[in-house]
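Computed from the coordinates by the stated procedures, all read-outs in this text should not be read as laboratory data. No experiment lies behind these values; they were computed from the predicted model shown. Neighbour counts run over all protein chains shown; Cβ positions are idealised from the backbone, glycine included.
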Amino acid sequence: MLITCPYCGPRDVIEFTYQGDGNRERPQPASQNLDAWNAYVYDRLNPAGDHNEIWQHSGGCRAHLRVVRNTLTHEISSVAFARGDHKVAARHKAEGKT
Amino acid sequence: MAEYSAFSLLKNALTGNKDWKPAWRKPAPKASYDVIVIGGGGHGLSTAYYLAKEHGITNVAVLEKGWLGSGNVGRNTTAVRSNYLLPANTRFYEHSMKLWENLSHDLNYNVMFSQRGCLNLAHTPAQLDDFARRGNAMRHLGVDAELMTTAEIARLVPALDVSATARFPIVGGLMQRRAGTARHDAVAWGYARGADRRGVDIIENCEVTGFLRDGDRIIGVTTSRGEIRARKVAVAVAGSTGQVMRLAGIDTMPIESHVLQAFVTESLKPFIDTVLTFGMGHFYMSQSDKGGLVYGGDLEGYNSYAQRGSLPVVDEVMSEMLALFPGLARVRMLRSWGGVCDMSMDGSPIITTGPLPGMYLNCGWCYGGFKATPASGWCFAWTIAKDEPHAFNAPFTLDRFHRGLVIDDKGQGATPRLH
Ligand SMILES: Cc1cc2nc3c(=O)[nH]c(=O)nc-3n(C[C@H](O)[C@H](O)[C@H](O)COP(=O)(O)OP(=O)(O)OC[C@H]3O[C@@H](n4cnc5c(N)ncnc54)[C@H](O)[C@@H]3O)c2cc1C
Ligand SMILES: [Zn+2]
């Protein structure tokens with residue numbers, strides 16, 4: 001599997017660290033909304049198909065990336081910087097395509 | 001008289017083996033049942049078996065989307081053990097171990113359960129201390145465990161590199177002698193036959209495509225072979241849990257699906273007669289009765305439903321194998337395959353009533369659910385029959401995550417790929 005880093009170009013998956021589901025919404029650090037924290041920590045969409053996820057190019061430029069990958073075929077339809085983006089809403093394949 | 005015995009073997013041999021009955025029928029689905037079990041893997045089949053045997057509930061259908069044994073029950077590396085740290089896991093897996101110890105007799109089907117032991121290798125003094133702690137926790141609950149020295153390990157597994165110059169020197173290990181392996185297909189077939197003979201309908205090529213509801217209550221399922229109603233609908237679909245729960249309108253679960261690979265080599269002469277785990281990475285190995293070395297390692301590490309693995313993991317598993325057994329460098333690998341594992345957020349399973357009325361849920365087996373097959377079915381059958389959990393599965397609720405009652409044996413936190 002190759003992931004095309006916006007800085008570094010297409011690189012082998014072993015250069016990247018998986019950081020999981022990118023659909024989750026992290027509450028503000030001071031938030032005392034237990035339900036929101038629980039949902040953030042434990043609940044996953046886990047789709048069979050396009051999955052919004054965060055990868056870090058840890059063996060390269062170290063940027064955090066927002067990737068849309070199909071969990072059945074591993075086809076990657078979009079890679080973008082995750083910078084400044086604590087919340088990543090589920091978005092359409094076409095959006096953010098580099 | 002038992003269906004399989006020395007006498008019946010002899011009799012059928014003399015009559016040309018023409019009179020054996022199929023191990024299970026191929027019935028058409030009825031319009032309704034008392035209980036529907038979704039998923040004809042090890043857990044679904046054992047659930048049906050114990051529903052019939054322990055609770056007298058025989059008007060049961062097991063619905064399997066493919067053929068029986070096409071899921072992880074036929075893909076795993078067959079290690080069976082009960083060497084956990086936390087009491088909830090230890091009690092549950094030890095109950096499973098006790099069922100394994102009598103399973104071939106109980107099913108009148110040889111599941112080839114072989115208590116050849118499971119040895120966890122320690123490579124640092126701190127790791128050995130940690131193993132001593134786990135061994136003590138096990139013994140405290142009546143489970144067998146013993147620490148082994150490097151010299152004892154060298155005698156048990158002569159092929160291991162136990163030298164001080166090994167890449168990761170071995171300083172000792174934790175052994176559970178009652179652990180071992182079993183033949184996975186036989187487990188599926190034995191439970192299937194046992195359930196079938198008690199009246200359970202095992203319906204293959206029958207995919208559940210939706211749930212029938214009366215308000216919140218689940219009252220049946222729609223399938224590729226029509227609608228089927230039931231008072232109770234039990235879900236035991238392992239790696240497909242997220243997809244099936246979505247059909248019931250439940251979009252998020254404390255589960256991620258990840259692929260685990262396994263490998264088998266060409267047949268060798270007896271090489272290793274225990275199940276061995278490496279402590280400085282993720283690698284484990286045993287030898288099948290045919291002589292193939294059966295081994296595996298880490299998950300792929302990212303969500304996947306692909307039922308096949310990738311090359312980086314192959315590379316990693318092979319290098320870990322060679323770190324332990326340099327002598328295997330020229331052995332050829334015959335096959336490799338992958339299965340989709342339902343990784344839970346704390347590495348422990350879920351066996352519970354709900355989450356909707358009329359529904360029962362069994363999932364979160366990670367990559368260790370084969371050993372759980374007997375106890376999982378036994379506890380799930382109890383839960384379905386009595387509408388409450390048995391003490392053995394009471395801790396394994398779905399809401400434990402939101403209530404702060406996680407059962408995290410490894411202490412990894414909510415990162416499923418690390419469990
Ligand atoms: C490579 C590998 C190695 C492993 N090694 C070990 C090991 O050494 N020791 C150990 O204890 N565990 C091991 N495991 C884990 C173990 O195999 C699983 O945890 C266990 O088999 C899961 O339970 P099951 O047998 O019921 O699952 P499965 O056999 O996967 O059963 C689930 C069934 O549900 C069916 N299904 C799914 N969706 C639907 C639907 N919509 N309608 C109808 N049916 C449906 C599937 O077709 C499948 O047959 C391993 C797993 C893998 C992949
Ligand atoms: Zn990069």
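Quick check for me: using +1 on Lys/Arg Cβ and -1 on Asp/Glu Cβ, what's the dipole size of region A:2-94 about its Cα centre, in debye to the nearest 20? Mind showing how you got there, number by number?
Details: 11 positive and 10 negative charges, 48 e Å.
For region A:2-94, the charge dipole is close to 220 debye.
Can you tell me the alpha carbon radius of gyration of chain B divided by the globular rule-of-thumb value 2.2 N^0.38 Å?
That works out to 0.99 for chain B.
Take A:16, A:81 and order them by how many other Cβ atoms sit within 10 Å, fewest up front.
A:81, A:16
Would you calculate, for chain B, the mean residue ellipticity at 222 nm contributed by helices, counting each DSSP H stretch of 4 or more residues as -39,500 (n - 2.57) and dividing by all residues, to the nearest 500?
After summing the helix terms and dividing by the residues of chain B, the value is -8500 deg cm²/dmol.
Just want the ordering: B:18, B:410, B:371, from fewest to most Cβ atoms lying within 10 Å of their own Cβ. Before the final figure, lay out each step's value.
Numbers: B:18 6, B:410 12, B:371 25.
Lowest count first: B:18, B:410, B:371.
What list of ³J(HN,Hα) values in whole Hz, one per residue of region B:371-387 in order, does the Karplus curve 6.51 cos²θ - 1.76 cosθ + 1.60 (θ = phi - 60°) give from phi, with Gly and Pro shown as x?
4, 7, 3, x, 5, 4, x, 4, 6, 5, 4, 4, 5, 6, 5, 9, 6
For region A:38-48, just list the computed ³J(HN,Hα) in residue order, Karplus coefficients 6.51, -1.76 and 1.60, θ = phi - 60°, integers in Hz, with x standing in for Gly and Pro.
4, 4, 5, 7, 10, 9, 10, 6, 6, x, 9
So what's the Cα pair-distance distribution over region B:178-222, bin width 5 Å, in %?
Going from the shortest bin to the longest, the percentages are 5, 15, 14, 15, 15, 15, 10, 7, 3, 1.
Using just the C-alpha positions of region B:340-382 as equal point scatterers, what log10 of I(q)/I(0) does the Debye formula give at each q in 0.20, 0.28, 0.30 1/Å?
The Cα Debye sum returns log10 ratios of -0.63, -1.02, -1.08.
With label points built 7 Å along Cα→Cβ from the Cα atoms of residue B:154 and residue B:140, find their separation and express it in nm.
Placing both labels 7 Å along Cα→Cβ, they lie 3.4 nm apart.
May I ask you to derive the relative contact order of chain B, considering only C-alpha pairs under 8 Å and at least 6 residues apart, and to give it as an integer percent? Intermediate values should be presented prior to the final figure.
On the way: 951 pairs, mean separation 91.3, N = 419.
Dividing the mean separation by the residue count of chain B yields 22 percent.
Using amide H atoms built 1.01 Å from N in the peptide plane, name the residues 5+ places from residue A:5, or on other chains, whose amide H lies under 5 Å from its own.
A:11
Can you work out the base-10 log of I(q)/I(0) for the protein assembly as shown at q = 0.08 1/Å, using the Debye formula on its C-alpha atoms alone?
Once normalised to I(0) and log-transformed, intensities are -0.53.
Going 7 Å from the Cα of residue B:266 toward and past its Cβ, which residues in region B:318-352 have a backbone nitrogen under 14 Å from where you end up?
Those under the cut-off are B:328-335.
Which shape class applies to region B:358-403: rounded if a/c is under 1.5, otherwise prolate when a/b exceeds b/c and oblate if not, where a ≥ b ≥ c are the square roots of the Cα gyration tensor eigenvalues?
Because a/c hits 1.5 or more and a/b fails to exceed b/c, region B:358-403 counts as oblate.
Considering all projection directions equally, how large on average is the shadow of the alpha-carbon convex hull of region A:1-91, in square nanometres?
Over all viewing directions, region A:1-91 projects a mean Cα-hull area of 6.1 nm².
If I model a spin label at residue B:98 and residue B:26 as a point 7 Å from the Cα along the Cα→Cβ vector, what separation in nanometres do I get?
In this crude label model, residue B:98 to residue B:26 measures out at 4.1 nm.
Taking Cα atoms, how many degrees apart are the long axis of helix B:311-324 and the longest axis of chain B, rounded to 10 and kept between 0 and 90?
Once rounded, one gets 50 degrees.
Starting from the amide H of residue B:122, placed 1.01 Å from N in the peptide plane, find each other amide H under 5 Å away whose residue is 5 or more places distant or on another chain.
B:171, B:172, B:173, B:174
If I model a spin label as a point 7 Å beyond the Cα along the Cα-Cβ vector, how far apart are those points for residue B:391 and residue B:14 in nm?
Roughly 5.1 nm, to one decimal.
Between B:274, B:321, B:288, whose Cα lies farthest towards the positive end of the dipole of chain B when Lys and Arg beta carbons carry +1 and Asp and Glu beta carbons carry -1, centred on the Cα centre?
Most positive-ward Cα: B:288.
Please name whichever of B:141, B:385, B:23 sits farthest to the positive end of the charge dipole of chain B, dipole taken about the Cα centre and charges placed at Cβ: Lys and Arg +1, Asp and Glu -1.
Farthest towards the positive pole: B:23.
So what's Rg/Rh here for region B:269-398, counting alpha carbon atoms and using the Kirkwood radius for Rh?
Details: Rg = 18.4 Å, Rh = 17.2 Å.
In region B:269-398, Rg relative to Rh is 1.07.
Please compute the average number of Cβ atoms from other chains found within 10 Å of each residue's Cβ in peptide B:304-316.
Numbers: counts 8, 9, 6, 1, 1, 0, 4, 4, 4, 1, 0, 1, 1.
That average works out to 3.
Which order do the peptides B:234-244, B:249-259 come out in when sorted by mean C-beta neighbours inside 10 angstrom, highest first?
With the highest mean Cβ count within 10 Å placed first, the list reads B:234-244, B:249-259.
Quote to one decimal, in nm, the extra length available between residue B:415 and residue B:246 on full extension: 0.36 nm per residue of separation minus the C-alpha distance between them.
That works out to 58.7 nm of additional length.
What list of ³J(HN,Hα) values in whole Hz, one per residue of region B:22-37 in order, does the Karplus curve 6.51 cos²θ - 1.76 cosθ + 1.60 (θ = phi - 60°) give from phi, with Gly and Pro shown as x?
Per residue, the Karplus-derived 3J(HN,Hα) values read x, 5, 8, 6, 10, x, 7, x, 7, 5, 7, 9, 6, 9, 10, 10 Hz.
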